[in-house]
Amino acid sequence: MRLFIAEKPSLGRAIAAGLGKGTEKDGAIYLGSDVVTWCFGHILEQCSPEDYDEKYKRWRIEDLPILPEVWKTKVKPGAKKQYLLIKKLVHEADEIVNAGDPDREGQLLVDEVLADLQILKGSKPIRRILLNALDEKSVREALRQLRSNQEFIGLRNSALARSRADWLIGMNLSRIYTIRARQAGYTNTVSVGRVQTPTMGLVVRREIEIRKFRPITFFTPRILWQHEAGSFLTRWKPHEMDGVDPEGRIVQRETAEQILSAVRSAPANISGMEQKKGTSPQRLPYSLSALQIDAGKMFGYAPQEVLDTQQALYEKKLTSYPRSDCDYLPENQLADKDVILDHLASLDADFSSFAAKADRQLRSRAWNDAKISAHHAIIPTTMRPDYTALTEMEKNLYALIAKAYIAQFYPPQEFLSTKIEVTAREEIFTASGKVILQDGWSVLYQKEQHDTEDDTDQAQHLPSVRKGDFVAYQDGHIKEGVTKPPARFTPATLLKAMKEIHKYVKDAGLKDRLKECSGIGTEATRAFIIETLQKREYIRLEKKQLVPTELGISLCKILPDKILFPDITAQWESDLDRISTGSISIKDFFAQQEIYLRELISSAKTATIAPPKNSIACPQCAKPMRRLKSAKGYFWGCTGYPECRATFPDQNGKPDTAPKRPTTKGRKFK
């Protein structure tokens, strides 16, 4: 008997449909010599510290770090019945097929169950099916191309290392910083996460920049020059002089006026002219992050909303696998272009006319087997959607994906870019312009381009000039501007920052090294991490922007830069990628993790943590006090416990420190 273990019921049923007609019964589908069953996502979870040793029920600094010698998992509550069914079927099977999603987590999700059942190490042949779409054509093709599960050991080890690294950082650092914070008078649990905390750090540091920002007014001379072929507008090119700041901005109006006055009647000529033809290749199809970013900008959708909606489109068999970090397509997928384009052209949608006019003989850079790993970019499947039955959000996301696919069958955009320099009285003025010679694929996005156009020199159609030509001053003015603070993150731009994390590291020397890093978090987890920060009330959404709460800001005051900046986490993500390719071993990765964890705990033990604002000092020892809750209600206790056992009744949220009240017996509290 051949047993398929799918990641979730919808995937299992799609595989069963590809195998033929079967009978579904109690968590499995039976099809002659084939049986399809499924998990419900992860049905196993990491054991908690107290599962390893009862002493870990109490949070004590002397017990840290907690470093399991043998890692343990346990069946999740509510999954026991399905686990026992899988166990029974696994032992009956002659061959097993891992049908997890085509990514790291999907690989681990099934492999960890097989490992728990002691089947993974070769007692039975195990194959792997990679499904990038759930339509029947894609399923049947995948069934014909089963591979050995051994080929994906690196993928599994990478996911396993990620899971265990998250556990080590979360369990150990949350404990020690919660203990240390409470000693300083804080009452909240300090939740530390390998990815969560540096993500929160991005939002908090941006807010601090905004609060410290002081606007600067600056002045830019702009001159309209007359050439025999036509007029064109220029702006002053900065250089060092009085009244100009280090960023090249004129901060004294008098300086700008002097420049205008000096060149108004001075001879001027074209001192530089550069003209280049260029092409802009077809935009690539979408990865999940790119889709979440564009959908956030265009429609205001939260990253998690985009992922959930894409999952729905995937399960409706209308689009390919949603959690893809790839924006390229396999070359054999070109065989489906006619079916997909015909379906898109037949719909009553804005993109349909473009699909009808697509040049099916073109082949863009997107079709590249060398860029494909476990999955490819998100594209429409060969299933024709009932477009009217889709929700508004489903339509909007499907349209984005469809347009990006159609763009592959339009030629590159061609343009002519021009740069002109004018010199007058040793002052240089510049203009730049861009003329579109052929719209190409950008014709699909003209509405979006029109909506985002601004009044810049880039929009100019510059006249044809030659170096040495004379020009005459026609008009001039001073454009006043004010520097703006950095923009707060939105969910979409924070997700983009997580993906492009090399731009935000503290150590500038790491930037180039980490450019190839896939960011912090994964395509599947970034949206969840942003939502988690909101649920824990570290950040909140305010007018579509993410703002840190006072709790989030106070947490960043407690934690060290090593945790708050993404440098180490980004390096780990790079190492996890190397584990997946077999470049480093999981053993070497954890050897480094242990060294780093011990260093962090050692520094946390001696770190100075300032007490919270408005903290109340203990009358007996002057250490901060905390408001605590017992079975009888709230009371106040000294953070110097057990050396200082002073406690005081709570009176309207403050300790009642009247002389007759203090006791030295103390109440038990953690």
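The values are calculated or read from the model by the stated rules, or taken from the named source; none is laboratory data. Predicted model, so just to flag it, every value in this text is computed and none were measured. Positions of Cβ are generated from backbone atoms using ideal geometry, with glycine treated the same way; all protein chains shown enter the neighbour counts. Accessible surface is based on the protein model in full, side chains and every heavy atom, while ligands, DNA and RNA are left aside. Shrake-Rupley method; radii C 1.70, N 1.55, O 1.52, S 1.80 Å.
Mind ranking 75-86, 236-247 by how tightly packed they are, going by the mean number of other C-beta atoms within 10 angstrom, highest first?
75-86, 236-247
For the range 491-530, what size does the Cα cloud have along each of its three principal axes, sorted from largest down, in whole Å?
30, 15, 12
On average over all directions, what projected area in square nanometres does the range 1-111 have, based on the convex hull of its Cα atoms?
The directionally averaged projection comes out at 8.6 nm².
Show me 312-320, 223-231, 207-215, 467-475 ranked by packing, highest mean number of other Cβ atoms within 10 Å first.
Values: 312-320: 22.8, 223-231: 17.0, 207-215: 11.3, 467-475: 14.6.
Ranking, from highest mean packing down: 312-320, 223-231, 467-475, 207-215.
What is the ratio of the Cα radius of gyration of the range 111-233 to 2.2 N^0.38 Å, where N is its residue count, to two decimals?
It is 2.10.
Using the Kirkwood radius built from alpha carbon pairs, what does the Stokes-Einstein equation give as D for the range 496-568 at 20 °C and 1.002 mPa s, in µm² per second? Let's see the in-between values first.
Working: Rh = 13.5 Å.
The estimated diffusion coefficient comes to 158 µm²/s.
How big is the convex hull of the Cα atoms of the range 525-670, per residue, in Å³?
183
Mind checking the alpha-carbon convex hull of the chain and giving the volume per residue in Å³?
Per residue, the Cα convex hull of the chain comes to 213 Å³.
Using a cut-off of 13 Å between beta-carbons, work out the net charge of the residues near Ala355 (Lys and Arg +1, Asp and Glu -1, Ala355 not included).
Charge balance in the 13 Å sphere: 0.
With a 1.4 Å probe and all protein chains left in place, how much accessible area per residue does the range 347-502 have, in Å²?
Heavy-atom SASA per residue in the range 347-502 reads 52 Å².
Restricting attention to the chain, give the cysteines that have no other cysteine Cβ less than 4.7 angstrom from their Cβ.
Cys39, Cys47, Cys326, Cys517, Cys556
Excluding residues fewer than 8 places away in the same chain, name every one of the lysines whose C-alpha is closer than 21 Å to that of Lys654.
Excluding near neighbours in sequence, the set is Lys613, Lys623, Lys629, Lys632, Lys665, Lys668, Lys670.
Looking at the square roots a ≥ b ≥ c of the eigenvalues of the Cα gyration tensor of the range 313-409, which shape do they give, rounded for a/c under 1.5, prolate if a/b is larger than b/c, or oblate? It would help to have the intermediate numbers written out before the result.
Numbers: a/c = 2.02, a/b = 1.24, b/c = 1.63.
Oblate, because a/c is 1.5 or more while a/b does not exceed b/c.
So which aspartates and glutamates can Lys8 reach, going by Cα to Cα under 12 Å and dropping same-chain residues fewer than 8 places off?
Asp101, Glu315
State, to one decimal in nm², a quarter of the convex hull surface area for the C-alpha atoms of the range 177-282, i.e. the direction-averaged projected area.
Values: hull surface 58.8 nm².
Taking the Cα atoms of the range 177-282, their convex hull projects to 14.7 nm² on average.
In the range 338-470, what percent of the accessible surface is made up of carbon and sulfur (1.4 Å probe, ligands and nucleic acids excluded)? Could the numbers behind the result be given before it?
Values: 3300 of 6890 Å².
Reported share for carbon and sulfur atoms: 48 percent.
Roughly what % antiparallel, to the nearest 5, for the DSSP beta bridges in the range 91-238?
Percent antiparallel among DSSP bridges in the range 91-238 is about 75.
Provide the descending list of Cα extents for the range 457-587 along its principal axes, expressed in whole angstroms.
71, 42, 27
Taking the Cα centre of each part, how many Å lie between the range 22-73 and the range 81-149?
Result: 17 Å between the Cα centres.
Taking 0.36 nm per residue of sequence separation and subtracting the Cα-Cα distance, how much length would be gained by fully extending the chain between Ile208 and Ala229, in nm to one decimal?
Result for the pair: 2.5 nm of gain on full extension.
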